1. I'd like the orientation of helix 183-196 relative to the chain: the angle between its Cα long axis and the longest Cα principal axis, in ° from 0 to 90, rounded to 10.
2. Gain in length, residue 109 to residue 45, computed as 0.36 nm per residue apart minus the alpha-carbon separation, to one decimal in nm?
3. Would you mind telling me the antiparallel percentage of the DSSP bridges in region 57-185, rounded to 5?
4. Could you compute the FRET efficiency for residue 149 and residue 94, with r as their C-beta to C-beta distance and R0 at 22 Å, rounded to 0.05?
5. If you take the square roots of the eigenvalues of the alpha-carbon gyration tensor of region 181-231 and sort them as a ≥ b ≥ c, do you get rounded (a/c under 1.5), prolate (a/b over b/c) or oblate?
6. In which sequence would 46, 191, 121 go, from the one with the fewest C-beta neighbours within 10 Å to the one with the most?
7. Can you tell me the length gained on complete extension of the stretch residue 218 to residue 164, counting 0.36 nm per residue apart and subtracting the Cα distance?
8. Could you calculate the contour length gain from residue 193 to residue 71, that is, 0.36 nm times the residue separation minus the distance between their Cα atoms, to one decimal place in nm?
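A short reminder: the numbers here are calculations on the coordinates, not readings from a lab. Note that the structure is a prediction, hence the values are computed from the model and not measured. All Cβ positions, glycine included, derive from the backbone under ideal geometry; neighbour counts span all protein chains shown.
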Ligand SMILES: [Mg+2]
């Protein structure tokens with residue numbers, strides 16, 4: 001509910017009329033969680049598709065312009081909410097992040113994140129898949145760099161999910177096995193390792209600031225979604 005604050009100013013005119021103005025007090029009241037969730041759902045349904053398409057279109061144009069001009073060109077892609085969409089899990093959980101526990105079919109709250117990942121039900125984000133296919137067609141090596149943990153069930157499920165939705169023939173899938181330090185530092189180090197192997201990273205696309213900071217890419221592209229900062 002929005003609180004209203006009324007200010008009145010006496011106007012000492014002939015009849016001492018009182019002039020009042022009413023306006024919303026937005027300075028002290030936190031936003032309503034239910035309204036915020038609805039805004040996020042509205043954004044996902046209305047503005048997000050164009051946002052994704054715009055970012056990925058720019059990345060694709062850049063990759064096309066650079067692929068033939070660079071020796072060993074590489075493209076870095078984040079996985080979750082960049083290459084794969086977990087919206088079904090996110091919406092079912094009403095934006096809660098539930099790490100452990102089962103995830104039913106069809107997906108219902110509570111849906112455990114690990115169980116969701118390992119049921120490989122995430123869908124492709126179509127503009128990213130298009131970029132991927134164009135990049136590989138042009139001889140650009142694609143490396144997925146993800147914050148998902150590097151353990152056998154998670155790795156095989158991630159590989160299978162990517163493959164099932166159309167990402168095939170990638171050069172590398174880098175997963176996080178050191179849980180100390182920040183995600184940004186881990187991802188920066190992963191890109192540095194790709195460069196150490198002789199690749200030139202022409203583009204890096206992600207949905208989090210931590211996907212992109214730290215350099216080691218000619219260009220970056222950020223998808224802005226309803227998930228927010230995860231790190
Ligand atoms: Mg992500």
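1. Between the helix axis and the principal axis of the chain, the angle is about 30 degrees.
2. Numbers: separation 64, 0.36 × 64 = 23.04 nm, distance 2.03 nm.
Value of the extension gain: 21.0 nm.
3. Details: 2 of 11 bridges.
So the antiparallel bridges amount to about 20 percent of the total.
4. Values: r = 24 Å, r/R0 = 1.10.
For R0 = 22 Å, the calculated efficiency reads 0.35.
5. Details: a/c = 3.33, a/b = 1.56, b/c = 2.14.
Verdict is oblate for region 181-231.
6. Details: 46 9, 191 23, 121 20.
Least to most surrounded, the residues fall as 46, 121, 191.
7. On the way: separation 54, 0.36 × 54 = 19.44 nm, distance 2.98 nm.
Working it through step by step, the gained length comes to 16.5 nm.
8. On the way: separation 122, 0.36 × 122 = 43.92 nm, distance 1.65 nm.
Using 0.36 nm per residue and subtracting the Cα-Cα distance, I get 42.3 nm.
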